[in-house]
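Single-structure report; data block below.
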Amino acid sequence: MSGTFVGMPAFPKAAHEAVNNPTLRGNLRHATHTIRAKREKAVAEVSDWAELREAGKRIKDHTLRHLDHYLVQLEESVTAAGGIVHWAADAEEANRIVTELVKATGESEVVKVKSMATQEIGLNEALEEAGIHAYETDLAELIVQLGKDRPSHILVPAIHRNRGEIRDIFTKEMSEWGRPAPEGLTDTPAELAEAARLHLREKFLRAKVGVSGANFMVAETGTLVVVESEGNGRMCLTLPETLISVVGIEKIVPTWQDLEVFLQTLPRSSTAERMNPYTSTWTGTTDGDGPKTFHLVLLDNGRTDTLADEVGRQALRCIRCSACLNVCPVYERAGGHAYGSVYPGPIGAILSPQLRGTASEIDASLPYASSLCGACYEVCPVAIDIPEVLVHLRERVVQGGEVTREGNKVVLKPAKGHAAERAAMRAARWAFARPGALRTGQRLASRTRRLHPRSLPLPGPGKAWSATRDLPPVPAEPFRDWWQRTQGGKDGAK
């Protein structure tokens, strides 16, 4: 993945700073609770939601198992429709391909549809280095770009900003990027939207090159699909003469019939709408209609490595709805920036460490950025068992072991700072394997419980673990003794 967030502190430190920002917490709480409540109502309207969820899971799993076949079919379909397919193994190669394609047009500006794949690879920064200006046209992405900020949510990148902050950003920064904000701009939503509309309209009409991602790619026809709510995507996908789409290889669905499932679950899970206001589909190029040239850049960037992990690969089912973020108690308090990745929240905590590896401090900390409450799994429209993958990745961080990196099998060493945790787990395994020792330990703990401290600060590496945790109170009587003392024990029940 891109180095856009290199230099960010590990999650515990970043989250500690975020939770002490009352404005940020207020913005997040209001926004996530509002979206969550609307989603619950939208999903409740569908009587077969569980069946749709299971269908989405099965379609994604089938596609991932046969990804090699569907990628070849997609390339053949796109090429037959007049498009040109490029393969990018990593962010550097993808950025080089897109930069060269833009330079070949002779243009120095591009308009962009909101795309997490291009954020992942740091495309805007790569284009800027080549003297090419990339203009974000999604309202929230525009706010982030004008504010020289970073996205903090998958669906609403500027969720951490309130209306007053957005007004100030528009007033100060719009003039440097194009048409300035109107005089006397207030923080009413209508005025802010109109200011953005006027600012972007001149860019839509002038730009000759558009850059997009895609929510889905249909292998049988070579069709790409972008769903959005503002109409900016439709403008970017139809007005430019050249369209370049950068899409992760996992975004394939085999057929149009498969696509129908996701066009029901995605809008309800993300924006709590029955259908997307704008669903744009295009297949190659057509004379006299839309861009004259279409390029598709298929991005790996760690995805095939993730695919090799039988437990972790389910993260590639993700359709980027952001439902898991809106129900996560950790995200609600820490915000997206603390995750140090364009993929924040629960899905980011399992996706980023797989795409980037767990060598860095922040990536090694992400699997721990969760309470394991399971709310994320309950709302996921493709049934990704995020808690299962989090525990799996925690084991990888602590124990090390064999993983696939850049297509090669490598053995990771256990991460530093977890020696005490490994020793504690070994001791627990020893005790649980010996009932007599476990019973003696439980009784001893109960009889001395009044002497137990509320917390137990550990020295050295263990301090990071114990500093945020209280010791659970020990009951006055072990369960085994209670069971023997009560009627259940007298009956000989087991």
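The values are calculated or read from the model by the stated rules, or taken from the named source; none is laboratory data. Just so it is clear, the model here is predicted, and its values are computed rather than measured. Reconstructed Cβ throughout: ideal geometry from the backbone, glycine too, with neighbour counts over all protein chains shown. With ligands, DNA and RNA removed, areas are computed over all heavy atoms of the protein, side chains included. Shrake-Rupley method; radii C 1.70, N 1.55, O 1.52, S 1.80 Å.
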Checklist entry - Assigning unit charges at the beta carbon (Lys, Arg +1; Asp, Glu -1) and nothing else, what dipole magnitude in debye, to the nearest 20, does the stretch 396-456 show about its Cα centre? => result 420 debye
Checklist entry - Which listed residue (THR238, TYR278, LEU263) has the Cα farthest towards the positive end of the charge dipole for the stretch 177-300, taking +1 on Lys and Arg C-beta and -1 on Asp and Glu C-beta about the Cα centre? => result THR238
Checklist outcome for this item: Amide H proximity to VAL85 below 5 Å, modelled H, separation 5+ or other chain, gives LEU296
Checklist outcome for this item: For the chain, dividing by residue count, accessible area per residue (probe 1.4 Å) in Å² works out to 48 Å²
Next on the checklist: Residue by residue through the stretch 36-48, what is 3J(HN,Hα) from phi via Karplus (6.51 cos²θ - 1.76 cosθ + 1.60, θ = phi - 60°)? Round to whole Hz and write x for glycine and proline.
Outcome noted: 4, 5, 5, 5, 4, 5, 5, 6, 5, 6, 9, 6, 10
Checklist entry - Amide H to amide H, which residues 5 or more places from PHE216 or on other chains are under 5 Å from it, using H placed in the peptide plane? => result VAL225
Checklist entry - Along each of its three principal axes, how wide is the spread of alpha-carbon positions in the stretch 344-388, in whole angstrom units, largest first? => result 30, 19, 17
Checklist entry - Taking every DSSP beta bridge that has both residues in the chain, what percent is antiparallel when rounded to the nearest 5? => result 40 percent
Checklist entry - So what is the calculated 222 nm ellipticity per residue for the chain, using -39500 (n - 2.57) for each DSSP H run with n of 4 or more, over all residues, to the nearest 500 deg cm²/dmol? => result -15000 deg cm²/dmol
Checklist entry - Taking the alpha-carbon centroid of each part, what is the distance from the stretch 400-472 to the stretch 250-265 in angstrom? => result 44 Å
Checklist entry - Which of the GluC sites (Glu not before Pro) across the stretch 369-416 are loop residues per DSSP, with 13 or fewer other Cβ within 10 Å? => result GLU406
Checklist outcome for this item: Taking Cα atoms only, helix 419-432 is inclined relative to the longest principal axis of the chain by an angle, in degrees rounded to 10, of 50 degrees
Checklist outcome for this item: Candidate cut points under GluC sites (Glu not before Pro) in the stretch 16-82, DSSP loop plus at most 14 other Cβ atoms within 10 Å of their own Cβ, are GLU45
Checklist entry - Dividing the alpha-carbon Rg of the stretch 21-85 by 2.2 N^0.38 Å yields what? => result 1.87
Checklist entry - Relative to the longest principal axis of the chain, what angle (0 to 90°, nearest 10) does the C-alpha long axis of helix 386-399 take? => result 70 degrees
Checklist entry - If you plug each phi of the stretch 366-371 into the Karplus form 6.51 cos²θ - 1.76 cosθ + 1.60 with θ = phi - 60°, what whole-Hz ³J(HN,Hα) values come out, in order, with x for Gly and Pro? => result 4, x, 9, 7, 7, 8
Next on the checklist: If I compute Rg and Dmax of the Cα atoms in Å from the structure I just sent, which labelled value in [x] 24.8, 99; [y] 25.3, 87; [z] 22.1, 68 lines up?
Outcome noted: [y]
Checklist outcome for this item: On the accessible surface of the chain, probed at 1.4 Å with all protein chains in place, carbon and sulfur together account for a percent value of 53 percent
Next on the checklist: Go through the cysteines of the chain and tell me which have no other cysteine Cβ under 4.7 Å away.
Outcome noted: CYS236, CYS318, CYS321, CYS328, CYS373, CYS380
Checklist outcome for this item: In whole Hz, the Karplus estimates of ³J(HN,Hα) for the stretch 235-245 (6.51, -1.76, 1.60; θ = phi - 60°; x where Gly or Pro) are 5, 5, 8, 10, 7, x, 7, 10, 10, 10, 10
Next on the checklist: If amide hydrogens are placed 1.01 Å from N in the peptide plane, which non-local residues have theirs closer than 5 Å to the one on TRP282?
Outcome noted: LEU224
Item to check | Partner lysines for LYS251 [C-alpha distance under 28 Å; skip if fewer than 8 residues away on the same chain] | outcome: LYS38, LYS41, LYS57, LYS60, LYS103, LYS112, LYS114, LYS208, LYS292, LYS409
